[in-house]
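What follows is one structure encoded as structure tokens, with my remarks underneath.
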Amino acid sequence: MKPVLEVKGLTGGYSPRRPVLHDLNFEVGAGEMVGLIGLNGAGKSTAIKHILGLMQAHAGEIRIGGHTLAEQPEAYRQALAYVPESPLLFDELTVEEHLRLTGMAYDVEEALFEKRSESLLDEFYMTPKRRAFASHLSKGMRQKVMIMNALLARPSLYVIDEPFLGLDPLGIRSLLDKLVEVTKEGSSVFMSSHILSTVESYCSRFIVLHQGAIVAQGTLADVCQAAGMARGGGAGSLEEAFYRLVADGGSHGSFH
Amino acid sequence: MDRSIESLWRKRAGDFWRGSIPYFRDMTQSGLPGVVIMLLLAGLAGYAVLLRNMPASFPFTLVGVIALTPVLCWSPLRTWLREADIVFLVPREAEMPAYLRRSFRYNGLACAALVLLVCAVYMPLYLAGPATTPVLVIVIFALLLKLMNLFAAWRERQLVGRAGRRAIRLLRWASTAIAAGALLQTELWKTLLYLVVIGGLFWLLYSRQSRYPLPWLTLIAEEQVTRRRYMAFFSAFADVPTETAAVRSRRYLSWLARFVSYGKRSAFTYLYAHTLIRTELGGIVMRLTGLGMFSGMLSAYSGLLQGWGSAAVCLLFVWLSGIQLGSLAQSHKHSVWRLVYPLPEQTRHDAVLRVDRIAALICAVLIWLPHGILLPRKGDLVPALIALALSLLYVLVLRQARMKRLLKFDPEDD
């Protein structure tokens with residue numbers, strides 16, 4: 001089966017002379033939820049920007065649904081929805097107008113759009129705020145609008161950068177429930193987060209990024225092994241493995 | 001280093017104007033000052049014609065009230081405050097009166113100058129009509145009203161309740177309009193009595209409302225709106241840094257955006273229609289169209305230069321509204337969603353052109369309307385028709401080509 005997201009030999013950053021990302025190789029399969037974890041400045045957001053096509057790779061290749069952005073820009077973008085770390089809303093649109101715009105941009109059938117937007121407004125407790133402008137929403141609510149827009153599009157890949165920032169406990173629960181639901185329907189989720197316990201509970205595989213390189217990837221057992229932990233009888237947690245991998249400057253080296 | 005609060009005010013004011021110089025240069029190069037001078041000359045000529053052939057039924061007081069009320073009431077305050085000041089300046093709140101005194105002086109003088117200018121323009125009209133009060137007294141009273149409004153506007157900024165603030169502002173504008181009417185039409189003692197009574201009532205009203213000693217959030221928001229207005233204006237001539245857009249719901253217009261059909265091809269049209277209607281750009285275009293209609297009414301009413309002057313006024317405002325609308329092409333140029341949405345860049349270009357064309361057409365028709373109604377009555381049908389034809393030519397042909405060039409040679413585009 002073809003992976004939804006393929007990243008091969010990705011080297012990139014803001015300046016070709018000082019790359020931030022070094023030779024990243026990973027895949028995200030259909031129906032998989034993959035967690036991208038790393039310290040501040042490890043290169044998580046830069047990696048996501050390369051996947052989105054907001055930054056150009058110095059070397060390597062990124063494919064979504066088998067297409068590169070250069071070959072098939074529309075198909076590439078149609079296949080992914082993005083939730084940024086800081087909510088990026090249009091100040092002049094209300095919550096429901098944002099949903100309508102997304103529905104139009106992703107070519108969601110109108111009747112389906114109506115149904116999905118009503119249910120999303122309801123599930124994220126945003127129905128009373130449907131006619132509110134971005135400036136009248138709290139940070140958490142703005143983040144909910146971003147998430148609702150991504151979920152409305154129902155793409156094959158969700159790229160989510162720090163989704164839990166500012167969300168209240170109900171919002172976090174709604175988001176996680178929806179992510180489980182979409183993965184069951186065959187969509188993939190590529191999510192970066194610092195909330196390791198949640199990532200551990202919900203993701204099937206993990207990518208540990210440190211100083212722009214992948215120092216471990218795979219299932220929890222693979223990551224624990226890369227961290228030099230003998231994982232027997234559920235002893236190793238993602239948090240412990242992560243700490244060992246990055247706290248001493250990543251002495252275990254990059255993972256290939 | 002001088003760390004006094006006054007020097008901070010001076011530095012911020014200096015920084016703002018120094019930062020604006022390049023944009024003023026771009027504006028000058030666009031030819032706008034020339035057009036404004038022509039407009040002023042045309043206006044003056046029309047005004048002279050109107051003064052010479054003043055009809056007995058001319059609504060002197062009404063025109064005076066319409067001209068004076070906005071400049072008497074509108075009392076902006078540049079404080080240069082920004083969000084970060086909540087952290088850095090709030091601890092120095094005790095020193096802020098000295099800081100704000102500078103703002104009051106800065107805006108107070110500018111507002112007084114504006115009142116004097118409008119008085120200077122209106123007084124010849126007043127003298128041509130049944131002038132009952134000496135001009136000097138009118139000017140002194142106008143300045144007194146301005147002073148009262150400056151104080152009242154500050155009190156409104158201090159009010160805790162937003163709804164109360166709006167209602168009181170509306171009341172202040174209405175009371176000032178009545179005061180201006182009284183000043184121009186009735187005996188002086190009656191106006192004076194009215195001012196004393198209304199001043200006392202407002203004093204009572206303000207003193208009964210709860211208020212902040214220093215309304216930080218209101219002042220920061222007001223400063224942000226003013227900056228955005230400058231940037232929205234400059235964006236018609238240059239690529240300006242994007243500030244978050246000031247948004248008004250404008251329900252009386254936003255229903256128009258509902259006519260954009262649901263579909264992938266219309267996604268950007270839907271976005272740009274809302275951008276135009278709800279941001280400061282829409283506000284500027286609406287005010288410009290309103291001013292164009294008002295100038296059109298005066299010039300067509302006076303039959304300026306056998307109608308040809310009136311037609312020129314119409315074309316100038318159609319051109320000005322078009323220039324301002326051009327800055328729509330700058331909107332969302334740096335938005336992430338432009339690159340993330342699965343929409344070809346061409347659909348964004350098409351949307352800008354479509355929204356721009358419809359808006360420019362509506363503005364042109366509205367600006368032309370007073371000329372179209374009033375000029376034929378004076379027997380000047382040909383200038384009215386020529387003005388319409390040239391306006392349509394500009395909107396449908398020349399502007400479209402300019403907008404396409406603007407979008408096509410955009411170095412930011414992929």
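Listed by chain and number, the aspartates and glutamates placed with their C-alpha closer than 16 angstrom to that of B:LYS146 are B:GLU156; residues fewer than eight positions away on the same chain are left out.
In order along the stretch B:249-258, the phi-based Karplus estimate (6.51 cos²θ - 1.76 cosθ + 1.60, θ = phi - 60°) of 3J(HN,Hα) comes to 5, 6, 4, 5, 10, 5, 4, 4, 5, 5 Hz; Gly and Pro are listed as x. For A:LYS115, the lysines whose Cα comes closer than 17 Å to its Cα, not counting residues fewer than 8 places off in the same chain, are A:LYS178.
Go through the stretch A:178-208 and name the GluC sites (Glu not before Pro) that are in a DSSP coil and have 12 or fewer other Cβ atoms within 10 Å of their Cβ.
Working: sites: A:GLU181, A:GLU185, A:GLU200; in loops: A:GLU185.
Here the GluC sites (Glu not before Pro) that fit, given the DSSP loop and packing criteria, are A:GLU185.
Over chain A, what is the mean sequence separation of C-alpha contacts under 8 Å (at least six apart), divided by residue count, expressed as relative contact order in percent? Could you put the intermediate results ahead of the total?
Values: 483 pairs, mean separation 62.6, N = 256.
Relative contact order of chain A: 24 percent.
The Cα center of the stretch B:6-60 and the Cα center of the stretch B:361-408 differ in position by 23 Å. Largest mean-square fluctuation among B:PRO130, B:PRO91, B:PRO383, in a Gaussian network model of chain B whose springs join Cα atoms under 10 Å apart, belongs to B:PRO91.
Hydrodynamic analysis of chain A uses the Kirkwood radius over alpha carbon pairs. Inserted into Stokes-Einstein at 4 °C and 1.567 mPa s, it gives a translational diffusion coefficient of 69 µm²/s.
Springs between alpha-carbon atoms under 10 Å, Gaussian network over chain B: tell me which of B:VAL115, B:VAL36, B:VAL340 tops the mean-square fluctuations. Largest GNM mean-square fluctuation: B:VAL340. Here's how it looks for A:ARG205: its modeled amide H is under 5 Å from those of A:MET33, A:GLY35, which are all 5 or more places away or on a different chain.
Does the stretch B:5-222 come out rounded, prolate or oblate by the C-alpha gyration tensor, with a ≥ b ≥ c the root eigenvalues, rounded set by a/c under 1.5 and, if not, prolate when a/b is larger than b/c and oblate if not? Can you show the working numbers first?
Working: a/c = 2.67, a/b = 1.30, b/c = 2.06.
Oblate shape, in that a/c is at least 1.5 and b/c is the bigger or equal ratio.
Taking the dipole about the Cα centre of the protein assembly as shown, with the C-beta of Lys and Arg at +1 and of Asp and Glu at -1, give me whichever of B:ASN107, B:SER7, B:LEU281 is farthest to the positive side. The Cα lying farthest towards the positive end belongs to B:ASN107.
Which residue, A:GLN217, A:GLN143, A:GLN225, tops the fluctuation ranking in a GNM of chain A built on C-alpha contacts under 10 Å? Maximum among the listed residues: A:GLN225.
Over 20 Å between Cα atoms, which of A:LYS49/B:LYS264; A:LYS129/B:LYS333; A:LYS44/A:LYS129; B:LYS333/B:LYS408 qualify? The answer is A:LYS49/B:LYS264; A:LYS129/B:LYS333; A:LYS44/A:LYS129. Between B:THR186 and A:LEU170, the simple label model (points 7 Å from Cα in the Cβ direction) yields a spacing of 5.7 nm. Give the percent of DSSP beta bridges with both residues in the protein assembly as shown that are antiparallel, rounded to the nearest 5. DSSP beta bridges in the protein assembly as shown are roughly 50 percent antiparallel. With no solvent and one point on each alpha carbon, what is the Debye value of log10 I(q)/I(0) for the stretch A:1-82 at q = 0.14, 0.18, 0.19, 0.24 Å⁻¹? Each listed q corresponds, in turn, to -0.45, -0.74, -0.83, -1.28. How would you classify chain B from its alpha-carbon gyration tensor, with a ≥ b ≥ c the square roots of the eigenvalues: rounded for a/c under 1.5, else prolate if a/b is greater than b/c, otherwise oblate? Note, shape of chain B comes out oblate.
Distance from the C-alpha centroid of the stretch B:128-185 to that of the stretch A:1-51: 63 Å, rounded to the whole angstrom.
About its Cα centre, what dipole magnitude does the protein assembly as shown give when the only charges are +1 on Lys and Arg Cβ and -1 on Asp and Glu Cβ, stated in debye to the nearest 20?
Working: 71 positive and 53 negative charges, 526 e Å.
Dipole magnitude for the protein assembly as shown comes out near 2520 debye.
What the Cα convex hull of the stretch B:54-136 gives, in volume per residue, is 109 Å³.
Set against the 2.2 N^0.38 Å expectation for a compact globular protein, the protein assembly as shown has a Cα radius of gyration ratio of 1.18. The magnitude of the dipole of the stretch B:245-413, with charges of +1 and -1 set on the Cβ of Lys/Arg and Asp/Glu and taken from the Cα centre, is near 380 debye.
Rule-based calculations on the coordinates, nothing more; no lab input. Note that this is a predicted model, so its numbers are computed, not measured. Methodologically, a virtual Cβ is constructed for each residue, glycine included, from the backbone with ideal geometry; neighbour enumeration extends over all protein chains shown.
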